1. Which residue is nearest to ligand 2 (Cβ to nearest atom), if the candidates are limited to the range B:22-57 and must be free of Cβ contacts under 8 Å to residues at least 40 places away in the same chain and either part of a strand (DSSP E or B) or within 14 Å of another protein chain (Cβ to nearest Cβ) (or both)?
2. Name the single residue, out of those in the range A:314-332 being surrounded by 20 or more Cβ atoms within 10 Å (Cβ to Cβ) and within 7 Å of chain B (Cβ to nearest Cβ), that is farthest from B:Ala183 (Cα to Cα).
3. Which of the residues that make up the range B:131-149 are facing chain A (nearest Cβ under 10 Å) and touching a Ser or Thr at 6+ places or on another chain (Cβ under 9 Å)?
4. Report, by residue number, each residue of the range A:271-313 that is basic (Lys, Arg) and either more than 30 Å from B:Tyr128 (Cβ to Cβ) or within 14 Å of chain B (Cβ to nearest Cβ) (or both).
5. Which condition breaks for B:Ser60 when tested against (1) more than 9 Å from every other protein chain (Cβ to nearest Cβ); (2) part of a loop (DSSP other than H, G, I, E, B); (3) over 26 Å from B:Asn250 (Cβ atoms)?
6. So which residues in the range B:151-173 are surrounded by fewer than 21 Cβ atoms within 10 Å (Cβ to Cβ) and closer than 22 Å to B:Val108 by Cα?
7. I'd like the residue in the range B:63-85 that is more than 20 Å from B:Glu248 (Cα to Cα) and away from chain A (no Cβ under 14 Å) and, out of all such residues, is nearest to ligand 2 (Cβ to nearest atom).
Amino acid sequence: MNDKATRLAQTLKRRHAAERRFQWYGRLSVAFGVACVLFLFTDIISKGYGAFTQTYIDIEVTFDYETLGLTPDSTETDVKAASFNSLFRNTVRAQYPEVTDRRKQRTLYGLYTTDAPIMLRDMVLRDPSVLGTTQQLTIVADDDIDTYYKHSFGQDLGEGGVIGRVNPQQIALVQQLHDQGRIHKKFNTILFTNGDSRDPELAGIKGAIIGSLLTLLVTLMLSFPIAVATAIYLEEFAPKNRLTEFIEVNINNLAAVPSVIFGLLGLAIFINFFGLPRSVPLVGGLVLTLMTLPTIIISSRASIKAVPPSIREAALGMGASKVQMVMHHVLPLAMPGMLTGTIIGMAQALGETAPLLMIGMVAFIVETPAAITDAATVLPVQIYLWADSPERAFVEKTSAAIMILLAFLIFMNSTAVWLRKRLERRW
Amino acid sequence: MAENSKQTMNDTYETTGIPLLKDSKLSVRNVDVFYGDKQAIFDVNLDIGKNQVISMIGPSGCGKSTFLRCLNRMNDTIDICNVTGEIKLEDQNIYDRSIDVVELRARVGMVFQKPNPFPKSIYENVAYGARIHGLTDNKLELDELVESSLKRCGLWKEVKERLLEPATGLSGGQQQRLCIARAIAVNPEVILMDEPCSALDPIATATVEELIHELSQNFTICIVTHSMQQAARVSQRTAYFHLGKLIEVNDTSVVFTNPKHQLTEEYITGRIG
Ligand SMILES: Nc1ncnc2c1ncn2[C@@H]1O[C@H](COP(=O)(O)OP(=O)(O)O)[C@@H](O)[C@H]1O
Ligand SMILES: [Mg+2]
């Protein structure tokens with residue numbers, strides 16, 4: 001008896017120790033995961049938050065006929081050919097009469113985005129009545145100036161110090177603009193209203209977002225109905241034989257195929273064989289459909305399986321046909337699970353890059369796509385492109401784009417969770 | 001009664017008692033049922049009288065459910081299940097090619113062991129059969145049908161205020177009566193019940209038994225039960241199954257007071273579980 005008590009005490013001690021150890025393993029794993037996520041988020045946010053503001057410089061421009069070589073009767077064609085470059089340069093030069101050195105004058109122009117003359121021209125094209133008047137304008141600053149003004153302005157540089165890619169002359173100019181109150185930071189709308197650009201200050205992700213949406217639209221329209229039909233057929237109608245077993249195994253295998261291979265497949269089938277254009281959301285959507293189908297099929301089948309057999313029996317016992325049983329009872333009960341699987345599949349597709357590179361969705365595209373057959377890029381590819389760009393200002397753009405992509409992903413995944421909570425029925 | 005005068009079980013056997021009737025609603029002849037290679041029902045011959053309650057008793061796994069499910073072809077839904085022989089519903093072989101199971105199940109309804117209302121409203125549950133079979137012409141008729149079906153099951157008073165609430169919110173006994181209401185709403189000729197009270201408490205059981213008794217005025221009812229008291233209370237005839245064979249069929253009072261077959265006697269005296 002005594003012996004039993006001591007043995008019990010010993011095993012109990014060991015068991016308790018094992019339990020405590022196990023709990024600590026769990027806590028450590030969770031802590032590690034949380035730390036990784038926190039690190040990722042702080043890194044991205046600290047790098048990327050700057051991209052959500054943008055430096056602008058106020059400037060007074062007189063659209064005078066003489067410099068532009070226009071008359072009040074000039075046509076649109078004339079305006080397009082007019083020398084807005086000279087107008088802009090004259091205007092800037094006139095503000096600094098003391099600067100006569102050519103190189104230093106070029107630095108003056110370089111405070112502003114290189115597209116400044118084009119912006120002036122576009123302004124006249126939009127509203128010819130500005131010709132001959134003087135306008136108070138706000139023009140985007142050059143990316144180097146922008147980076148300097150946002151992140152290093154006002155810091156002590158030490159003797160003859162140079163920050164990033166700005167030189168002492170530029171620093172003095174920015175200081176002067178600042179004292180005049182002509183330089184300021186505003187929320188960066190360009191990021192959301194422009195397509196890609198070689199100039200960081202003009203580059204936006206609108207094109208990529210629309211491209212992603214169009215691509216996902218194609219993916220959703222194809223993969224959801226196909227996957228649901230497949231799942232229903234396999235679960236409820238298909239006979240259980242070698243062939244269906246083979247199909248089942250293959251669907252599971254398909255889910256494990258690296259996505260880049262779907263890209264190659266898409267290239268071979270849709271572009272080379274069917275002759276669809278490269279770089280378009282239509283082909284991107286088709287490729288991502290191949291990739292998301294297994295995910296949605298597997299989750300749909302799981303949620304169909306989860307519908308209690310008693311509900312099926314009840315329906316059949318009432319004389320419902322098999323299709324009625326599925327449509328009236330199984331599908332409504334399985335739908336939340338199917339939708340959740342679909343959203344998760346879509347989130348995967350949204351973040352997918354490799355297969356899209358294969359089908360040429362990696363091109364430099366300025367225009368926002370308007371149709372699924374327009375050349376386009378997508379968010380993750382845009383991130384890839386920007387991360388690859390040498391300009392310093394693209395670093396924060398890259399992080400900003402990652403933040404936006406993550407925001408979309410978090411939104412989609414929480415929608416999935418909400419949907420599951422909301423539609424879940426108990427029986 | 002001498003022990004050796006009773007029949008014992010052979011491979012070829014004959015059902016003791018009175019399995020066949022002159023006038024029957026359902027007549028079952030030479031029915032064998034197989035699950036794959038395994039035979040679950042052996043050569044059953046049985047007539048079921050019109051507007052009678054017949055109960056099927058027997059030890060677990062003896063094939064009561066399997067037999068019951070032959071009568072509305074629910075066994076069709078099991079891939080490996082194979083039924084041979086002939087089952088006639090008023091002179092029509094229900095396994096005939098020309099018979100559509102949808103039509104058959106509208107004539108032979110079923111109530112299951114575990115209450116299985118659809119996760120929809122009480123109203124929708126009762127209205128479902130009428131909807132899929134197109135039994136009513138308008139909403140008014142459908143409302144009336146729902147009301148009368150619930151009334152016949154004694155459920156109307158309890159649920160009339162909450163017809164649009166989910167049926168899954170009802171108690172177990174109410175759910176089972178709702179399932180019966182759902183079954184009778186399509187006005188079937190036969191109702192099959194597979195241990196309808198086994199998931200219910202004694203009070204709910206008593207209510208359902210009373211209901212079965214009332215329904216027997218208008219419907220032919222086949223009920224599988226584990227409780228011999230229940231069989232004695234609700235049925236006019238009783239069939240005893242053993243290892244897939246129909247051992248004995250007779251008037252309920254005869255089966256319980258004066259069983260002719262040794263196995264039946266052993267079962268009702270509690271020697272076979
Ligand atoms: N779906 C099925 N597949 C294979 N065998 C089954 C299936 N259903 C029942 N059986 C077998 O058939 C026999 C009779 O079962 P069942 O009719 O459920 O018995 P009871 O209802 O009398 O308890 C049992 O041996 C059981 O194992
Ligand atoms: Mg059973």
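1. Taking the candidates together, the pick is B:Lys38.
2. A:His329
3. The first filter runs over the range B:131-149 and keeps only residues facing chain A (nearest Cβ under 10 Å), leaving B:131-133.
Scanning the range B:131-149 gives a single hit, B:Ile132.
4. From the range A:271-313, those basic (Lys, Arg) are A:278, A:301, A:305, A:312; that's our starting set.
Within the range A:271-313, A:Arg278, A:Arg312 qualify.
5. Result: B:Ser60 fails condition (3) only.
6. Selection gives B:Lys151, B:Arg152, B:Gly154.
7. Filtering the range B:63-85 for residues more than 20 Å from B:Glu248 (Cα to Cα) gives B:72-84.
Still in the running and away from chain A (no Cβ under 14 Å): B:82-84.
Working: B:Asn82: 19, B:Val83: 17, B:Thr84: 21 Å.
If we take residues in the range B:63-85 being more than 20 Å from B:Glu248 (Cα to Cα) and away from chain A (no Cβ under 14 Å), then B:Val83 is nearest to ligand 2 (Cβ to nearest atom).
Results for (1) within 14 Å of chain A (Cβ to nearest Cβ); (2) in contact with a strand residue (DSSP E or B) (Cβ under 7 Å, 6 or more places away or on another chain); (3) of a type outside the set (Phe, Trp, Tyr); (4) within 16 Å of ligand 1 (Cβ to nearest atom), shown as yes or no for each residue.
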site	(1), (2), (3), (4)
B:Ile191	yes, yes, yes, no
B:Cys197	no, no, yes, yes
B:Thr205	no, no, yes, no
B:Cys222	yes, yes, yes, yes
B:Ala239	no, yes, yes, yes
B:Thr252	no, yes, yes, no
B:Thr257	no, no, yes, no
B:Leu263	no, yes, yes, yes
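The values are calculated or read from the model by the stated rules, or taken from the named source; none is laboratory data. Remember, predicted model here, so these are calculated numbers, not experimental data. Glycine also receives a Cβ, built like all others from the backbone with ideal geometry; neighbour counts cover every protein chain displayed.
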